[in-house]
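Below is one structure, written out as structure tokens, with a few remarks after it.
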Amino acid sequence: MASSTLICNTEPWKDLKAHVEEIKKTHLRDLMNDTERCKSMMVEFDELFLDYSRQCAQKDTLDKLLELAEAAQLKQKINRMFNGEHINSTEDRSVLHVALRAPRDKVISSDGKNVVPEVWKVLDKINEFSERFRSGSWVGETGKALTDVVAVGIGGSFLGPLFVHTALQTDPEAIASAKGRQLRFLANVDPIDVARSITGLNPETTLVVVVSKTFTTAETMLNARTLREWISSALGPQAVAKHMVAVSTNLTLVEKFGIDPKNAFAFWDWVGGRYSVCSAVGVLPLSLQYGFSVVEKFLKGASSIDEHFYSTQFDKNLPVLLGLLSVWNVSFLGYPARAILPYCQALEKFAPHIQQVSMESNGKGVSIDGVPLPFEAGEIDFGEPGTNGQHSFYQLIHQGRIIPCDFIGVAKSQQPVYLKGEMVSNHDELMSNFFAQPDALAYGKTPEQLLSEKVPKHLIPHKTFSGNRPSISLLLPHLNAYTVGQLLAIYEHRVAVEGFLWGINSFDQWGVELGKSLATQVRKQLNASRTKGDPIEGFNYSTATVMTKYLE
Ligand code: F6P
């Protein structure tokens, strides 16, 4: 692609740039008075309700963004993804995480082959294995049934499953099916994480699931060797066969590691790591904990959004609208960050997961054809559940930098509490904040209001809120396996939409390689210095000095 075909050189992009000046003349305080405008900025699908009226946008902003979508060939790109074309061009791969949750009878092809039967072959194997595991017919080395699982993996082989597990942990249906079981995760190579993951567990009743797409990731492999040692030193080396299974695309390395390939659950190179939670990466550990039927509901939820994303016109399409608005905020209004603020403690691991999905996907400096981008792509994602975040970083969001916020609320709590004598239930108390915060950000508070409240003059600058700070509100009917799947898929596709609009490859991650290869050099040096006393060589003064201190 020549630089002339970069999205920023198209007419709709230039038009939006010019439109910013118009929008800058408006304030959400006034825009929110226009009921018709607000009505037009609300979308409902399958009981999910999105209100984006608190975006610094007018109805014509949306029209212009839709023109941008056309210029970026968004529809064609979505179709190419669903059709299994090799849209991850730098790795020459299809991008088919949608096939992971497709119904059995769906046809989705990669390289001329329908992949859905393969997907279901693995799902059926997981169903059967988790049934044996949960019923106690799969026993450990000492004949005891296994109750606990440690999933070893990092990045995409960890964050998604952790998010879903955390979301389900307090769901009544999931609780009932997880009775007497524990699911833990081991991601960090830090030995402290090893200790945390196994403290209180008995190797006799524990299954270790090693999750790694490549089966080469340094952290995961060291952690896997550490837990293999934990099992074999307690139960003998032969116990590995009954206490360790694997999820990977690299079954040769799984076998080399000492795990029977019969106990390995495959996935495919058309599943990107950060998009792999619906593959065996997430489905296996979650099924061991909650049973396959619960996890199947999660897959169905994700699939419902895939269908919606694929077939719904753009102005009613949740991931498309969210993606367009993100690009508006980042590339036109110049707000590089986004706060993900679920008013639901069960979603506490949602922001860390989306951080990886979004930042590893769209943190790119060149177009898909390798042309340096003359604009910044990607956004900085972070977040915490409300109300905790309110007592942490919201100060900056209200009076410091402008950070578009995603408020995510749930109509019915998984764990309702009604205290006698209280004005509202605990969940209503939580949700009072969910409703109040977006308005506080949008409206702010003027010096005039403060004066009328008789605030002392010298405090007025400190107590003024400029407002006009954008947010979206997404209301889920409840949080269960199905809606967790929906939420996941909305955000996955939103990230893809952003990448499609920016014209980048959202499905590779070359930026993680340099640090990995430098760590390899350091590892060799540490080994040579510790075992043979070799001096530190080949590093700059700064690194060599700190390494020397460390070795001392
Ligand atoms: O952080 C880079 C990365 O390659 C991620 O994309 C991936 O999810 C993670 O490492 C783990 O990789 P693997 O599943 O191959 O161990």
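At a glance:
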{"item": "Selection from I305, F539, N329 lying farthest towards where the dipole of the chain points positive, charges on Cβ", "result": "F539"}
{"item": "Computed log₁₀ I(q)/I(0) - Debye formula, equal Cα scatterers, no solvent, the chain, q 0.09, 0.10, 0.11, 0.12 Å⁻¹", "result": "-0.74, -0.90, -1.06, -1.22"}
{"item": "For L159, net neighbour charge (Lys/Arg +1, Asp/Glu -1) across residues whose Cβ lies under 11 Å away", "result": "+1"}
{"item": "Dimensionless Rg over Rh [region 273-330; C-alpha; Kirkwood]", "result": "1.12"}
{"item": "Cα centre as origin, Lys/Arg/Asp/Glu Cβ charges: region 470-552 dipole, Debye", "result": "320"}
{"item": "Most to least accessible of T217, T166 (protein chains only, probe 1.4 Å)", "result": "T217, T166"}
{"item": "Trypsin sites (Lys or Arg not before Pro) lying in DSSP loop within region 448-552, provided at most 14 other Cβ fall within 10 Å", "result": "K454"}
{"item": "Local electrostatic count, F375, Cβ distance below 13 Å [Lys/Arg +1, Asp/Glu -1]", "result": "0"}
{"item": "Segment D315-E44, extension gain: residue separation times 0.36 nm, minus the distance between their alpha carbons", "result": "96.4 nm"}
{"item": "Gain in span if fully extended, Q395 to K457, counting 0.36 nm per residue against the direct Cα distance", "result": "20.2 nm"}
{"item": "Positive-end residue of V424, C38, V139, charge dipole of the chain with Cβ unit charges", "result": "V139"}
{"item": "Structure-based [θ]222 nm, the chain - -39500 (n - 2.57) summed over DSSP H runs of at least 4, per residue, nearest 500", "result": "-14500 deg cm²/dmol"}
{"item": "Fully extended contour minus Cα-Cα distance, from A544 to D60, at 0.36 nm per residue", "result": "168.5 nm"}
{"item": "Karplus-derived HN-Hα couplings along region 108-116 (A = 6.51, B = -1.76, C = 1.60, θ = phi - 60°), whole Hz, x at Gly and Pro", "result": "10, 10, 10, 6, x, 10, 5, 8, 4"}
{"item": "Residues listed by number, region 182-216, amide nitrogen under 16 Å from K144 label point at 7 Å toward C-beta", "result": "182-183, 198-208"}
{"item": "Cross-link pairs beyond the 28 Å C-alpha cut-off, checked among K17/K364; K39/K445; K59/K300; K39/K106; K64/K113; K179/K300", "result": "K59/K300; K39/K106; K64/K113"}
{"item": "Per-residue ³J(HN,Hα) for region 363-373, Karplus 6.51 cos²θ - 1.76 cosθ + 1.60, θ = phi - 60°, Hz, x for Gly and Pro", "result": "x, 10, x, 10, 6, 4, 9, x, 7, x, 7"}
{"item": "Euclidean distance between Cα centres, region 466-482 to region 179-203, Å", "result": "33"}
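The values are calculated or read from the model by the stated rules, or taken from the named source; none is laboratory data. Keep in mind it's a predicted model, so treat the numbers as computed, not measured. Neighbour counts are summed over all protein chains in view; Cβ atoms, including those assigned to glycine, are modelled from backbone coordinates with ideal geometry. Side chains included, ligands, DNA and RNA excluded: accessible areas come from the protein's heavy atoms. Shrake-Rupley method; radii C 1.70, N 1.55, O 1.52, S 1.80 Å.
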